[in-house]
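**Q** Quick one: the structure is below, questions incoming.
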Amino acid sequence: MKTKVIFSIFFIMTAHFAFAEERLRLEKADLLENVTVNGVSMQYLKGNVIFRKGEMVLKCDWARFNRKTEQSFLYGNVSTQKDVQKMTCDSLFVDSPKDLMIAYSNVDFVDTTYSLNSDMLHYFSELDSGSATGNAILIQDKQIIKGDAIEYKENELNGGVSYISRGNVEIIEDERLATCGEAIYNREGGKTVLRINPLINDGDQKISGSEIFLQYEEEELKEIYIPEKAQAQTISSGIRETINVIDGDSTMSQEPLSFSDDMTGSILRGFFKDGELDSVRLEGMATTLYHIFEDSIYQGNNRASGDTIVLKFGEDDLESIFISGGSEGTYTPDSLGSDIDGKVVYQSDKIKYNMQDESTDLLGEANIDYTDMNLKAGFINVAWRSNLLKALPSSDKDSTITPFRPTMIEEGNEPMVGDTMIYNLDSQNGKVIRGKTKADDGYYHGKEIRNQNMDIFYIDDAIYTTCELEEPHFHFDMNRMKMINNDKVVARPIVLYIADIPIFGLPFGVFPHQKGRRHSGWIMPSYGTDNRWGGYINGLGYYWAINDYFDTKLTASFYDRDGVTLRSQNNYSKRYAYNGSFDLETKQRFSSSTPAAERDIFNLGSNKQSDYVLRWNHRQKLRNNQSASVNASYYSSGDYNRRTGLEQQKRLNQQAVSNATYSKRWPKSRNSLSVNLSSRRDLMAKEKVDPNSVFYINPSRSDQQINIANNTFPQLAFSHSQRALFPTKSKNKKWYNNINYNYSSRFTNNMKQYYESETYAIDDSTDSYRWKNNSDGTLLTETFSDYIFSHSSGMNMSAKVFKYFNISPSLSLKSDWLNRSFEGQLDSSGTILKNEVKGFATRTTGSFNISMNTQIYGLLPTKIGKTEAIRHVISPSIGYSYRPDFSKDVFGFDPGYYQAIQQDNGEIAYFDRFSGTLAGGTPRGESQTLNLSVNNVFQAKIVDDDIEKKD
């Protein structure tokens, strides 16, 4: 117990002496004066005043000291020193119990690892922290930090301070200057955060964003991170050379230029090596704009964008740019300093720029548009110094690229495809390795294709074919070829190959090549095999452009096991008068009875059957607003298309359609008349009723029909378009001058030929169905005719009532005249039978409509931005339509369109007398409709750069 008491007394005494050592004590002054001010005892000290507080020595010229509170004001040449830590200022307030010192005016604080200058400094001596305000300058490591206020805290482990600088912050490090509204530095982690409009200037480079995070290691900047609104700019400069011609003499002038290369993105990450910028990564809607100089001469600018952009630097210069994700760009050449004629627009999956050799790699689905040229490929390299493009299907630089053969399209020319393409943007000359292009109806292949200019091409080891396959079934082989656009093709020698077998050869040949113009020439065939026809050559022939008004195309097709088809297609035309075509096609084929083993084209003459087709199309303009047209076709055999067509569309066409039309207009009276004759024949009708045919249709009921032909002889149509019922030329029109009427009529006479089925008895208990025959056993062809004469008329008007309302009533009537109708009859089973009634029948129907509308205008003089005013237009409308019930009395009169039949159960059934005729069914049931609508339109008056717009 005694030992514990002694230890406690010793601890208290030790703490007391230690505390006494940290108290503010006066050590020296030339003059000391004790005074009392407002009841407070103070010491006034003058001359070589020295205080001590622990290890700190404070000196000044004179001071005021309150011994009781241990507070002192020091004035004149004030200085403090604690070990190597020194501070000078004009005046100093010391609050010893709080370990607080406030320095005023010309404050200069120096430590081994940092120094601080400011107008005022709050310093906590024991915590080694403080707050400087007013022109605060902190110097630490290689940095100078400036701000309106700086709060700092010394780091005990490695010296130096962490700080927060606010207001007009500047951080200077070598040639790098960072400015912002607030900077926060963590000494232990080596991280600086710049906030409030941060901007970093490093020589000609600028970096900005919403915030900037700087990471340091061993006093060197290692990384920059910007989370939003990242932007980096670099100044590039050079000259532009201009050639001036005066009086025939040319002189060279140079103009200094300076541009800002710009990079933007949502996120920026910058990495430094040995204090120098090594690389930058932009993410999220990243864009870059840089200007190209060659030997200091300005060439143009390149703007590119993508999801991610990575920039690599070396020795203060940009070395490469890599863009990925939706990559695209535009190179705009300088109009004076570049040989390139226009913009180069490009896209690809990835883009890589190499700044050292000024080249660009487009990797994956690469696409370039330049003037009238488009180039697509899996990989494209652009050498900007030599203006050369090189396109390949893929690249060994990236194995993930989907191969795509280079394809070039120039305006006015067919696409060209090849394994390798080289193109000069300056001279517009190029070379294609293993290329292919289309000309007229054929394809040219070549081991190497070169162009002398935009119109002349040279092809080595060339082939020509109309087959689309890479390995064509047939082709012409040529060692050398010269192709002149819109003129001719010269080739030598020429050998025809079919299935890689040489057929015949020529020493040389000249072929027309005049795209868009009519010119005579050979037509190349297609070649193939078919299970039915055997081997065939289809479409070998010659096109003969006889003159500007007439041409003909003669073709022949040879089928090893089916025969020969000859075609003659003839076109004629006279400008502003008439044009048309006349086609003749014939096939010499084996008869259907010829066995398959005997079908050989060399035996065709001994056992053949001839079929032919005629087609005529003619269109002609006549005088006095008249015109005529004819479209006619004739088939000698109903199954001609099925037997001769290689194409599925032709084989499925089983209709022969012909029509002729004449029309006449009277513009002044607004009348028009047209006459039409038409026929549609089923080419397979006989096959469908022939029991021996694979297309035979077995009837499943009596009165089943198969149409042979539908003919319209004739169809007459007359129209009188809308005009005023009471016309006037007076400007002051009466209400009845707004009444308009119109009228039209159409007469149609239809005739139908068909086969019809009937019931016959197999035995006493079994019935079946068959197609009707004549007494001699041949098929019976039934005929039926029907006509309708329709008249349509209408009246309408538009008038303004009560000054603001528009009212528009209208009445429409339609009358149908027919040669037959139907009558309903109830049989013993309660079924209503439909009996045809021959003779004239008429039906008239109609409807009435009326609508009313107005417009209400409102103006909102609201000025928002560039919008001067907003107009609101409200358009309300109401409409009413009425159609009577034609199965009942109409205005007290029974039209007789429906027949009321009382059934056995007492119910009344209504039978439509016109259903099933050309007039169609009669509307039943009264219809009354009321429509209400309101349309709102907002219009804005916008003034943009003194230009007034309405939207």
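The values are calculated or read from the model by the stated rules, or taken from the named source; none is laboratory data. Not measured: the values here are computed from a predicted model. As a convention, Cβ positions derive from the backbone with ideal geometry for all residues, glycine included, and neighbour counts pool all protein chains shown.
**Q** Which one is surrounded by the most Cβ atoms within 10 Å (Cβ to Cβ) among residues in the stretch 442-485 that are part of a loop (DSSP other than H, G, I, E, B) and free of Cβ contacts under 8 Å to residues at least 40 places away in the same chain?
**A** So, considering only residues that are part of a loop (DSSP other than H, G, I, E, B) and free of Cβ contacts under 8 Å to residues at least 40 places away in the same chain, the one surrounded by the most Cβ atoms within 10 Å (Cβ to Cβ) is Pro472.
**Q** For the condition exposed (fewer than 10 other Cβ atoms within 10 Å of the Cβ) and among the acidic types (Asp, Glu), what is the one hit in Asp912, Asp904?
**A** Working: Asp912 fails: exposed (fewer than 10 other Cβ atoms within 10 Å of the Cβ).
After ruling out the rest, the residue left standing is Asp904.
**Q** Right, here's the next one. I'm trying to understand the selection: among the residues of the stretch 193-227, which are more than 21 Å from Leu282 (Cβ to Cβ) and over 44 Å from the mean Cα position of the chain (by Cα)? Break it down stepwise before answering.
**A** So the first thing to find is which residues in the stretch 193-227 are more than 21 Å from Leu282 (Cβ to Cβ), and the list is 196, 216-220.
Passing the criteria: Tyr216, Glu217, Glu218, Glu219, Glu220.
**Q** I'm checking my understanding of the structure. Among residues of the stretch 742-780 that are small (Gly, Ala, Ser) and over 57 Å from the mean Cα position of the chain (by Cα), which one is modelled with the highest pLDDT?
**A** Taking the stretch 742-780 and keeping what is small (Gly, Ala, Ser), we get 744-745, 757, 761, 765, 768, 775, 777.
Among the residues that remain, those that are also over 57 Å from the mean Cα position of the chain (by Cα) are: 757, 761, 765, 768, 775, 777.
Working: Ser757: 92, Ala761: 84, Ser765: 78, Ser768: 89, Ser775: 86, Gly777: 82.
Per the stated criteria, the residue is Ser757.
**Q** Can you tell me which residue in the stretch 372-391 is surrounded by the most Cβ atoms within 10 Å (Cβ to Cβ), limited to those that are among the charged types (D, E, K, R) and in contact with a Phe, Trp or Tyr (Cβ under 9 Å, 6 or more places away or on another chain)?
**A** Initially, the stretch 372-391 is screened for residues among the charged types (D, E, K, R), giving 372, 376, 385, 390.
Those still in the list that are in contact with a Phe, Trp or Tyr (Cβ under 9 Å, 6 or more places away or on another chain) too: 376, 390.
Numbers: Lys376: 21, Lys390: 18.
Among those that are among the charged types (D, E, K, R) and in contact with a Phe, Trp or Tyr (Cβ under 9 Å, 6 or more places away or on another chain), it is Lys376.
**Q** Keeping to the stretch 39-83, report how many residues are of a type in the set (Phe, Trp, Tyr) and either within 60 Å of the chain's Cα centre (by Cα) or within 16 Å of Arg23 (Cα to Cα) (or both). Walk me through how you get there before you give the answer.
**A** Initial filter on the stretch 39-83 (of a type in the set (Phe, Trp, Tyr)): 44, 51, 62, 65, 73, 75.
Checking which are either within 60 Å of the chain's Cα centre (by Cα) or within 16 Å of Arg23 (Cα to Cα) (or both) leaves us with 51, 65, 73.
Summing the residues that are of a type in the set (Phe, Trp, Tyr) and either within 60 Å of the chain's Cα centre (by Cα) or within 16 Å of Arg23 (Cα to Cα) (or both) in the stretch 39-83 gives 3.
**Q** For the stretch 895-915, what are the residues that are part of a loop (DSSP other than H, G, I, E, B) and over 15 Å from Arg843 (Cβ atoms)?
**A** If we filter the stretch 895-915 for residues that are part of a loop (DSSP other than H, G, I, E, B), which is where we start, we get 895-897, 903-907, 913-915.
Matches in the stretch 895-915: Gln903, Asp904, Asn905, Gly906, Glu907.
**Q** For residues that are of a type in the set (D, E, K, R) and surrounded by fewer than 17 Cβ atoms within 10 Å (Cβ to Cβ), scanning just the stretch 329-355, find the one that is modelled with the lowest pLDDT.
**A** Taking the stretch 329-355 and keeping what is of a type in the set (D, E, K, R), we get 334, 339, 341, 343, 349-350, 352.
Checking the rest, the ones that are also surrounded by fewer than 17 Cβ atoms within 10 Å (Cβ to Cβ) come to 339, 341, 343.
Values: Asp339: 67, Asp341: 73, Lys343: 86.
Within the stretch 329-355, the match that is modelled with the lowest pLDDT is Asp339.
So that you can scan it fast, the table gives a plain yes or no per residue for (1) assigned by TED's automatic domain parsing to the domain that holds Phe65; (2) touching a residue at least 24 places away in the same chain (Cβ under 8 Å); (3) assigned to a strand (DSSP E or B); (4) over 17 Å from Gly76 (Cβ atoms):
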| residue | (1), (2), (3), (4) |
| --- | --- |
| Asn106 | no, no, yes, no |
| Ser115 | no, yes, yes, yes |
| Ser118 | no, yes, yes, yes |
| His122 | no, no, yes, yes |
| Ala132 | no, yes, yes, yes |
| Asn135 | no, no, yes, yes |
| Leu138 | no, yes, yes, yes |
| Ile144 | no, yes, yes, yes |
| Asp148 | no, no, yes, yes |
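**Q** Something else about it: Yes or no: Met408 assigned to a strand (DSSP E or B) and in contact with a Leu (Cβ under 6 Å, 6 or more places away or on another chain)?
**A** Working: assigned to a strand (DSSP E or B): yes; in contact with a Leu (Cβ under 6 Å, 6 or more places away or on another chain): yes.
The answer is yes for Met408.
**Q** Can you tell me which residues in the stretch 877-894 are touching a Ser or Thr at 6+ places or on another chain (Cβ under 7 Å) and either more than 17 Å from Asn849 (Cα to Cα) or assigned to a loop (DSSP other than H, G, I, E, B) (or both)?
**A** Phe886
Residue by residue, here is whether (1) under 20 Å from Asp460 (Cα atoms); (2) hydrophobic (A, V, I, L, M, F, W, C); (3) exposed (fewer than 14 other Cβ atoms within 10 Å of the Cβ) holds:
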{"position": "Pro393", "(1), (2), (3)": "no, no, no"}
{"position": "Ser399", "(1), (2), (3)": "no, no, yes"}
{"position": "Thr402", "(1), (2), (3)": "no, no, yes"}
{"position": "Pro406", "(1), (2), (3)": "yes, no, no"}
{"position": "Ile409", "(1), (2), (3)": "no, yes, no"}
{"position": "Val417", "(1), (2), (3)": "yes, yes, no"}
{"position": "Met421", "(1), (2), (3)": "yes, yes, no"}
{"position": "Ser427", "(1), (2), (3)": "no, no, yes"}
{"position": "Gly430", "(1), (2), (3)": "yes, no, no"}
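**Q** Where in the stretch 700-816 are there strands (runs of 3 or more DSSP E), lying wholly inside it, with at least 3 residues that are loosely packed, with under 15 Cβ neighbours inside 10 Å? Spell out how you get there, then give the answer.
**A** Working: elements: 705-724, 740-761, 767-771, 782-796, 799-801.
Strands (runs of 3 or more DSSP E) meeting the threshold: 705-724, 740-761, 767-771, 782-796.
**Q** In the stretch 29-59, how many residues are more than 16 Å from Glu70 (Cα to Cα) and in contact with an Asp or Glu (Cβ under 9 Å, 6 or more places away or on another chain)?
**A** 4
**Q** Among Tyr536, Tyr543, which is in contact with a Lys or Arg (Cβ under 6 Å, 6 or more places away or on another chain), surrounded by 15 or more Cβ atoms within 10 Å (Cβ to Cβ) and modelled with pLDDT under 90?
**A** Details: Tyr536 fails: in contact with a Lys or Arg (Cβ under 6 Å, 6 or more places away or on another chain).
Exactly one of Tyr536, Tyr543 is in contact with a Lys or Arg (Cβ under 6 Å, 6 or more places away or on another chain), surrounded by 15 or more Cβ atoms within 10 Å (Cβ to Cβ) and modelled with pLDDT under 90, namely Tyr543.
**Q** Within the stretch 23-66, considering only strands (runs of 3 or more DSSP E) that don't extend past its boundaries, which have at least 2 residues that are within 30 Å of Asp128 (Cβ to Cβ)? Talk me through it step by step, then tell me what you get.
**A** Details: elements: 24-28, 31-37, 40-53, 56-66.
Counting at least 2 such residues, we get 24-28, 40-53, 56-66.
**Q** Does Phe848 count as surrounded by fewer than 13 Cβ atoms within 10 Å (Cβ to Cβ), assigned to a strand (DSSP E or B) and not β-branched (Val, Ile, Thr)? Let's see the steps before the verdict.
**A** Values: surrounded by fewer than 13 Cβ atoms within 10 Å (Cβ to Cβ): no; assigned to a strand (DSSP E or B): yes; not β-branched (Val, Ile, Thr): yes.
So Phe848 does not fit the description; no.
This table checks each residue for (1) touching a residue at least 40 places away in the same chain (Cβ under 8 Å); (2) aliphatic (A, V, I, L, M).
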residue: Ile212; (1), (2): no, yes
residue: Glu217; (1), (2): no, no
residue: Pro227; (1), (2): yes, no
residue: Gln231; (1), (2): no, no
residue: Arg240; (1), (2): yes, no
residue: Ile243; (1), (2): no, yes
residue: Gln299; (1), (2): yes, no
residue: Asn302; (1), (2): yes, no
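**Q** Condition check: assigned to a strand (DSSP E or B) and over 30 Å from Asp295 (Cα atoms). Does Gly435 satisfy that? Walk me through how you get there before you give the answer.
**A** Details: assigned to a strand (DSSP E or B): yes; over 30 Å from Asp295 (Cα atoms): yes.
Considered against the rule, which asks whether it is assigned to a strand (DSSP E or B) and over 30 Å from Asp295 (Cα atoms), Gly435 comes out as yes.
**Q** Before we move on, is Gly300 in contact with a strand residue (DSSP E or B) (Cβ under 9 Å, 6 or more places away or on another chain) and surrounded by fewer than 17 Cβ atoms within 10 Å (Cβ to Cβ)?
**A** Working: in contact with a strand residue (DSSP E or B) (Cβ under 9 Å, 6 or more places away or on another chain): yes; surrounded by fewer than 17 Cβ atoms within 10 Å (Cβ to Cβ): no.
Here the answer is no, as Gly300 does not meet what is asked.
**Q** Mind checking whether some residue in the stretch 79-88 is hydrophobic (A, V, I, L, M, F, W, C), out of contact with any Ser or Thr (no Cβ under 6 Å at 6 or more places or on another chain) and either surrounded by 15 or more Cβ atoms within 10 Å (Cβ to Cβ) or at pLDDT 90 or above (or both)? Even if it seems obvious, please write down each step before you answer.
**A** Residues of the stretch 79-88 that are hydrophobic (A, V, I, L, M, F, W, C), as a first pass: 84, 87.
Imposing the further condition that a residue be out of contact with any Ser or Thr (no Cβ under 6 Å at 6 or more places or on another chain) reduces the set to none.
No.
**Q** Condition first: exposed (fewer than 12 other Cβ atoms within 10 Å of the Cβ) and within 30 Å of Ile832 (Cβ to Cβ). Now tell me which residues in the stretch 854-893 satisfy that.
**A** Listed by number, the residues that qualify are Asp889, Phe891, Gly892, Phe893.
**Q** A further question on this structure: Restricting the stretch 817-838 to residues that are acidic (Asp, Glu) and without any contact (Cβ under 8 Å) to a residue 60 or more places away in the chain, which is surrounded by the most Cβ atoms within 10 Å (Cβ to Cβ)?
**A** For the stretch 817-838, the residue satisfying everything is Glu836.
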